[in-house]
Amino acid sequence: MSWGAVEGSDGASLDALTVAAIDGHPFGPVTYTGDRWALPDVRLVAPILPSKVVALGRNYADHAKELGNDVPETPLIFLKPSTSVIGSGDPIRLPPSSAEVHFEGELAAVIGRPARNVTRAEALEHVLAYTVANDVTARDQQRSDVQFTRAKGYDSFCPLGPWMVTGLDPADLRLTTRVNGEVKQDGRTSQMIFDLARQIEFVSGVMTLLPGDVLLTGTPAGVGPIVAGDTVSVEIEGIGTLTNPVVAP
């Protein structure tokens, strides 16, 4: 297992892409080992295993409304454990204790250097890259528990991938979630209540963000249930598509 950079021309098919092995890690000057493989010959795992995943709740007004919640006056944050992270293609495993598990497609930001008490103006300088996320949620347990830990924290409840993309402007990207090919969510990151810079400013005032930590930036309206046998795909403009099958426990 190693870090790698996916290479190829814009618009090229996945079969035409290659992966160049990185010597060490990407949190600094990147050098290569010289090894290269065709992308179809490589298994892509989650692009990062963070020390913590910090997520925003109710960060799109229409999503807050569809669940009967008020829009928060300040960012509403919660944590997902690192053990919830899986990669594209890995199965989302439904817990037997929940009868209502939902998908939530989201833009994820990966922190590149430590962030503590950073200002909004400098916040995006601490981002290494962006990826696609699915903030899988046991909605019935979220309602019954009030706080989010159990509902958001099951193993496999944080798919990330298929890769990280650098140099992206996160301000206005289209996000589309499909279940079995049917569009369920179709929103834009410009609809966020608190933009990414504000999120990083707020979170870094509470806890230090470390290289590799992930911020989930909230989900647009259209969330809904998934059941065993479904396939969930979250696509974000400029990044790619994260796809996961849903299986029984």
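The values are calculated or read from the model by the stated rules, or taken from the named source; none is laboratory data. Here the structure is a predicted model, which means the values were calculated and not measured. Note that we place each Cβ from the backbone using ideal geometry, even for glycine, and neighbour counts take in every protein chain shown. Only protein heavy atoms, including side chains, enter the accessible area calculation; ligands, DNA and RNA are left aside. Shrake-Rupley method; radii C 1.70, N 1.55, O 1.52, S 1.80 Å.
Here are a few things to note about the model shown:
- Mean residue ellipticity (222 nm) of the chain, computed from DSSP H runs ≥ 4 via -39,500 (n - 2.57), nearest 500: -2500 deg cm²/dmol
- Rounded if a/c under 1.5, otherwise prolate or oblate - the chain, Cα gyration tensor axes: oblate
- Distant-in-sequence amide H partners of LYS184 (H built 1.01 Å from N, under 5 Å): THR177, ARG178, VAL179
- Applying the criteria of a DSSP loop state and at most 12 other Cβ atoms within 10 Å to the GluC sites (Glu not before Pro) of the range 5-102 yields GLU73.
- Placing +1 on the Cβ of every Lys and Arg and -1 on the Cβ of every Asp and Glu, with nothing else charged, gives the range 164-204 a dipole about its Cα centre of roughly 140 debye.
- Rounded to the nearest Hz, the phi-derived 3J(HN,Hα) couplings of the range 30-41 under the Karplus curve 6.51 cos²θ - 1.76 cosθ + 1.60 (θ = phi - 60°) are 9, 10, 10, 7, x, 7, 9, 9, 5, 4, x, 8, where x marks glycine and proline.
- Heavy atoms of ASP35: accessible area, 1.4 Å probe, square angstrom to 10: 80
- Amide H to amide H distances under 5 Å link TYR32 with ASP23, where only residues 5 or more positions off or on other chains count and H is placed in the peptide plane.
- Karplus-derived HN-Hα couplings along the range 163-171 (A = 6.51, B = -1.76, C = 1.60, θ = phi - 60°), whole Hz, x at Gly and Pro: 7, 9, 10, 9, x, 9, 8, x, 5
- Longest exposed-site-free window of the chain, the sites being trypsin sites (Lys or Arg not before Pro) in a DSSP loop that have at most 14 other C-beta atoms within 10 Å: 117-249
- Each residue of the range 218-228 was assigned a 3J(HN,Hα) from its phi angle through the Karplus curve 6.51 cos²θ - 1.76 cosθ + 1.60 (θ = phi - 60°); the sequence is x, 10, x, 5, x, 4, x, x, 10, 9, 4 Hz, with glycine and proline shown as x.
- For GLY224, the amide hydrogen comes within under 5 Å of the amide hydrogens of PHE103, counting only partners 5 or more places away or on other chains and with H modelled in the peptide plane.
- The range 107-148, accessible surface, carbon-and-sulfur percent (1.4 angstrom probe): 51
- Accessible area per residue was computed with a 1.4 Å probe on protein heavy atoms; SER9 scores about 80 Å².
- Selection of chymotrypsin sites (Phe, Trp or Tyr not before Pro), the range 16-107, meeting DSSP coil and at most 16 other Cβ within 10 Å: PHE27
- Shape category assigned to the range 156-249 from the gyration tensor of Cα positions, a/c cut at 1.5: prolate
- Å² of accessible area per residue within the chain, as computed with a 1.4 Å probe and no ligands counted: 46
- Centroid-to-centroid separation of the range 175-246 and the range 18-93 [C-alpha atoms, Å]: 9
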